[in-house]
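**Q** One structure follows; several queries about it will come next.
The values are calculated or read from the model by the stated rules, or taken from the named source; none is laboratory data. Everything quoted here is computed from the prediction, not taken from an experiment. We place every Cβ from the backbone using ideal geometry, glycine too, and count neighbours over all the protein chains shown.
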Amino acid sequence: MFEIALDEMSPQKAEDFAVHHLPTTNMLAELQKDCGVKVLIIAVQVLTLPSELSCVLSEPMAKAVLEAA
């Protein structure tokens, strides 16, 4: 799990950054600039891709979610 400040996002990648269709970095930047909202992106990186999809989080991911919350 790691934090990404909005200003650390690469401008070249800002357009294709999507967190499951949540507001884009452009909208988040407007909220931060115009409304004074502090924006911090919390992300996790999987260790490996599973061979099958599952509705259950792996133990490390579940721990990361709890820590982030």
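**Q** Are there any pairs, at least 6 apart or on different chains, whose C-beta atoms fall under 6 Å, with the first in segment 24-39 and without any contact (Cβ under 8 Å) to a residue 40 or more places away in the chain and the second exposed (fewer than 14 other Cβ atoms within 10 Å of the Cβ), and if so, which?
**A** Going by the 6 Å Cβ cut-off, the qualifying pairs are L31/V37.
**Q** Ok, one more. Looking only at residues in segment 1-57 that are polar (S, T, N, Q), over 11 Å from the mean Cα position of the chain (by Cα) and loosely packed, with under 14 Cβ neighbours inside 10 Å, which one is modelled with the highest pLDDT?
**A** Among those that are polar (S, T, N, Q), over 11 Å from the mean Cα position of the chain (by Cα) and loosely packed, with under 14 Cβ neighbours inside 10 Å, it is S51.
**Q** Moving to a separate point now. Any idea which residue in segment 58-69 is nearest to T24 (Cα to Cα), counting only those that are free of Cβ contacts under 8 Å to residues at least 60 places away in the same chain and surrounded by 10 or more Cβ atoms within 10 Å (Cβ to Cβ)?
**A** Taking the candidates together, the pick is V65.
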